[in-house]
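Data block below; observations after.
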Amino acid sequence: LVDPPGPPGQPNGADVLEAVLRDFGFWVDRVESGDFAAFVRAQAADLPDRPGDADAHYIIAPGLDRIGLLTRTDESMTAPVDALRELLQDGPTAGVHLLASWTGLRAFRAHIGFDDPVDGIIALRMDRRDVSELMGYGIEWSAPSDRGLLFDRSRAPRPVLFIPLAPLTDADRKLLRR
């Protein structure tokens, strides 16, 4: 679970999500947003060595566009986004899945590119032009704040409208534990 960047001491939802995941028996490791570049490089480098029967590994990374320097190259002339793209391309067959969010299409394209390997897309609060560019032209969409679009490119020909839930609170977590 990558801690989304934000003001120190301000709640960001990661604590509640971590608690819910632990309540359901999942092992959770937290990664500070400042350490994400090194983390994603290490995860991509480990892909060829993952055993075929390894348990699924999920990287939950909200607000990737707010994590700085992902496009900056290092002395090897690679950038963390190269490892991110490798995780998206080769991770699922190795049991590594990225659940990430971006606040806009421009940032998503800067990180993933235009030939993206992303199969599942959830669009929340996106304007019509961005939805058309991402999901294909001809998608009828006006961006109501209380609706989203879910598009599983590998299994569905068109996106599906859905009603997203509100962010989890600690009270929700206690109800889920019952």
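Below is a table of values for the structure above.
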{"read-out": "Net lengthening on full extension, ARG106/ALA156 (0.36 nm per residue, minus Cα-Cα)", "value": "15.5 nm"}
{"read-out": "Accessible carbon and sulfur surface of the chain relative to its total accessible area, %, 1.4 Å", "value": "53 percent"}
{"read-out": "Amide N of segment 84-99 lying under 13 Å from the label point, which is placed 7 angstrom from the Cα of ASP74 along Cα→Cβ", "value": "84"}
{"read-out": "In order through segment 124-141: 3J(HN,Hα) via Karplus (6.51 cos²θ - 1.76 cosθ + 1.60), integer Hz, x for Gly, Pro", "value": "10, 6, 9, 7, 4, 4, 5, 4, 4, 5, 7, 10, x, 6, x, 7, 7, 7"}
{"read-out": "Cut-off 12 Å between beta-carbons: net charge of the residues surrounding ASP29, Lys and Arg +1, Asp and Glu -1", "value": "-2"}
{"read-out": "Loop-located GluC sites (Glu not before Pro) in segment 17-97 whose Cβ has at most 16 other Cβ within 10 Å (DSSP)", "value": "GLU32, GLU75"}
{"read-out": "Helical contribution to [θ] at 222 nm, DSSP H n ≥ 4, -39,500 (n - 2.57), averaged over the chain, rounded to 500", "value": "-9000 deg cm²/dmol"}
{"read-out": "With DNA, RNA and ligands ignored, accessible area of THR169 (1.4 Å probe; Å², nearest 10)", "value": "60 Å²"}
{"read-out": "Built amide H within the under 5 Å cut-off of VAL31, gap 5+", "value": "VAL2, ASP3"}
{"read-out": "Amide H contacts under 5 Å for HIS97, placed H, 5+ residues apart", "value": "HIS57, TYR58, ILE59"}
{"read-out": "Gap separating the Cα centres of segment 24-58 and segment 128-178, nearest whole Å", "value": "26 Å"}
{"read-out": "Gained length - ASP53 relative to ALA38, 0.36 nm times residue gap less alpha-carbon distance", "value": "2.9 nm"}
{"read-out": "Residue-normalised accessible area of segment 23-173, given per residue in Å² at a 1.4 Å probe", "value": "63 Å²"}
{"read-out": "Total charge dipole magnitude, the chain, about the Cα centre, Cβ charges on Lys, Arg, Asp, Glu only, Debye to nearest 20", "value": "700 debye"}
{"read-out": "Rg ratio (alpha-carbon, reference 2.2 N^0.38 Å) - segment 35-149", "value": "1.15"}
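The values are calculated or read from the model by the stated rules, or taken from the named source; none is laboratory data. These numbers were taken from a predicted model, which means no experiment stands behind them. Neighbour counts are summed over all protein chains in view; Cβ atoms, including those assigned to glycine, are modelled from backbone coordinates with ideal geometry. Heads up: the accessible areas ignore ligands, DNA and RNA and are worked out on the full protein's heavy atoms, side chains in. Shrake-Rupley method; radii C 1.70, N 1.55, O 1.52, S 1.80 Å.
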